[in-house]
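What follows is one structure encoded as structure tokens, with my remarks underneath.
The values are calculated or read from the model by the stated rules, or taken from the named source; none is laboratory data. Keep in mind that this is a model prediction, so the values were computed, not measured. Methodologically, a virtual Cβ is constructed for each residue, glycine included, from the backbone with ideal geometry; neighbour enumeration extends over all protein chains shown. Heavy atoms of the whole protein, side chains included, go into the accessibility calculation; ligands, DNA and RNA do not. Shrake-Rupley method; radii C 1.70, N 1.55, O 1.52, S 1.80 Å.
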Amino acid sequence: MSIRLPPPQTIPDPEETIESGSSSSGSESDEEDQNWDDWVSDSNQLQECRSLFDETVLPSVDAVMKHDISVHSFDINETSSKLGSSIVIPPSKLRLTMWIEFVGFDFHGRVRLINYIRKNKLTPAEALALKGTEPWFSTDEYLVPVIENDPLILEASTDDWSDSEDEEDEPTDPVKKAHWLEKKLALAHQKVAEYQALLYQRLDVGSPSEEIKPKPRDDDTHYFDSYAENDIHAVMINDKVRTASYAQFILTNPNLFRDAVVLDVGCGTGILSLFAARSGAKKVIAVDASDVVEKAKKIIKANGFEDTISVVRGKVEDVTLPDGITQVDVIISEWMGYALLYESMLDSVLVARDRFLKPGGVMAPSQTKMLFALCDAKEIYKDRIGFWNDVYGFDMSTMSEGLYDEAIIDVLGPETVLSNPYTIKDLILKDITIRQLDFSTPFTLVSTAEQRSKISAFVLYFDTYFTVSGNPVPPETQVRNIKEGEVVVAEVWPVGNKSAPQRRQSQSGRKEKITSFSTGPQSSPTHWKQTIFMLKEPFCVSEGTTVTGVFHCRKRQDNSRELDVEIHYSVHKEDRPGETVVQMYSVR
């Protein structure tokens, strides 16, 4: 979905913004404040808007909503709320057991309602007669706006990205805010209880104490099953940038690993555990919830490390460490996914940190950065989207529908990046919290194109850093970009099963040795590739052209291992921002 908005009234200055999404040390309240409402609500309210039932055009959404209430006795908010609490009871279930489904009226439901009224020119009476169970409420036909950039629809979207309600303003004082939240929670519990009692009374299916338990949501089964197959592990181990970087850090830092207790979260085949054992770890605990652990046990035994490495099957959130161990010195894990946060494995690593890492312990890796840039992705467009326009002389462009709504995972050449990258999230693993993994970050990108060029996408990739102290790297640190064909394993790979040579550490101790790698276009390709957000409306830039905006990222509501990304951007012309374009993507 793509939406156009007026130019932003103020342009966020990344140098002056204290942004919790870009650093784990930021204020969590700042992170919460930078959401959809802050960016779009004010400008949306000032747009001219047409009544749902007549040709009246008024200067704001609020004015139109008051007009429809006073003239037509129709309140869009009240109707949406009423339809959102409809009950669907399949006829086949109306015997011994009743199945009750609460149909939540989300952003898309409200959009369908607005477009249905406009397209079919409903009267207020016809609109009020809707029950919320009509078949068209579940189709895509009425997701297409009848009025382009309909302010009523944009107003609906602000509700979808915000948890606020219109009952009363949220207080800023922390103590008052806590009481306010407690009050809202109590009211919510009361409303649910009253509504549940009413349902049981109307449907005559017993009392509320006879609880109907919904099927528990499961985001994990497919995820863990996918890691039971050989192919995925072969791809990861054959990624030399990835595997050799971990090997280099572990095998060249024996002072960190010698006699240490190490926890390997999501061990897979056990390769990182084997590195740790070879580097002198006293005990390594390898944890994984996938069937692959059975093979990991055999691999570990075949290499003679069964006395050092203990394999534990289960989710790290639930397991108990063996041999009475309660704390570990080092946690190693290769948790990164596409766009860094896809698959949400980092959540489990942070739980392991909070459960098991001793004070002063080390996370490896210790830091990752998400980087964002302008991109000329014409080859990706040609291969993935434009391809369908002419297939052996046939127009198959229908097949490209929806491709702009999905992030593309592919490899880009270094020449396609047309701006310096901007760090939209800096994750310090010893400090960051799970809550901070949903974030919004203002960005500024300045074109480095030497000639007029078309920007057809944004590109996202990440850099990874390992430090012996577990502390963040200095801001001026340059990540290592490994080039195609570059030897990356010779200095750490033991030959003939002999221990890897160890280098003496500097006596000065002034500069900490840093191991790093990049997944960006400037480096040799990794299995993570890059994450590409294709633009429905490409734009042209010259050297120095500025693009500002906000990058929103959060876990999908229906699957926490996938991501929803929303990019708001504005291209500056003559030092003034143009209209704001909003495009939404799924990373899955």
Confirm whether I250 is under 12 Å from I332 (Cα atoms), in contact with an Asp or Glu (Cβ under 8 Å, 6 or more places away or on another chain) and of a type in the set (V, I, T).
no
Please verify whether segment 358-375 includes one or more residues that are in a helix (DSSP H, G or I) and among the hydrophobic types (A, V, I, L, M, F, W, C).
no
Hey, K298 open to solvent by 20 Å² or more (accessible area, probe 1.4 Å), touching a residue at least 60 places away in the same chain (Cβ under 8 Å) and basic (K, R) or not
no
Keeping to segment 301-331, report how many residues are touching a residue at least 12 places away in the same chain (Cβ under 8 Å) and within 27 Å of N559 (Cβ to Cβ).
8
Can you run down the residue pairs with Cβ atoms below 6 Å, 6 or more apart or on separate chains, where the first is in segment 540-560 and more than 15 Å from A457 (Cα to Cα) and touching a residue at least 12 places away in the same chain (Cβ under 8 Å) and the partner is assigned to a loop (DSSP other than H, G, I, E, B) and open to solvent by less than 40 Å² (accessible area, probe 1.4 Å)?
E543/A449; R556/E562; N559/D219; S560/D219; S560/S344
Give me the residue from segment 312-356 that is among the β-branched types (V, I, T) and open to solvent by 30 Å² or more (accessible area, probe 1.4 Å) and, out of that set, nearest to K297 (Cα to Cα).
T320
Given the structure, is V446 more than 23 Å from the chain's Cα centre (by Cα) and modelled with pLDDT of 95 or more?
yes
Where E334 falls short, out of the listed (1) within 20 Å of the chain's Cα centre (by Cα); (2) among the acidic types (D, E); (3) assigned to a helix (DSSP H, G or I):
(3)
Does F257 satisfy being modelled with pLDDT of 95 or more and either surrounded by 20 or more Cβ atoms within 10 Å (Cβ to Cβ) or closer than 30 Å to K483 by Cα (or both)?
yes
Does D54 meet the test of being assigned to a loop (DSSP other than H, G, I, E, B), over 30 Å from L437 (Cβ atoms), modelled with pLDDT of 90 or more and of a type in the set (D, E)?
yes
Scan of segment 407-436 for residues that are open to solvent by less than 10 Å² (accessible area, probe 1.4 Å) and either farther than 27 Å from A244 by Cβ or among the hydrophobic types (A, V, I, L, M, F, W, C) (or both), ordered by number:
S419, I424, L427, L429, I432, Q436
Counted residues in segment 375-406 being small (G, A, S), open to solvent by less than 60 Å² (accessible area, probe 1.4 Å) and farther than 30 Å from S542 by Cβ come to 2
Residue that is farthest from I250 (Cα to Cα) [pool: residues in segment 437-468 that are acidic (D, E) and surrounded by fewer than 18 Cβ atoms within 10 Å (Cβ to Cβ)]
E450
List every residue pair whose Cβ atoms lie under 9 Å apart, where the two residues are 6 or more positions apart in sequence or sit on different chains, the first residue falls within segment 459-471 and is over 29 Å from E415 (Cβ atoms), and the second residue, located anywhere, is of a type in the set (K, R) and at pLDDT 95 or above.
G470/K430; N471/K430
Determine if segment 269-278 includes at least one residue that is open to solvent by 20 Å² or more (accessible area, probe 1.4 Å), touching a His at 6+ places or on another chain (Cβ under 7 Å) and in a loop (DSSP other than H, G, I, E, B).
yes
Restricting attention to segment 134-142, does a residue exist that is more than 24 Å from A63 (Cα to Cα), open to solvent by less than 40 Å² (accessible area, probe 1.4 Å) and touching a Ser or Thr at 6+ places or on another chain (Cβ under 6 Å)?
no
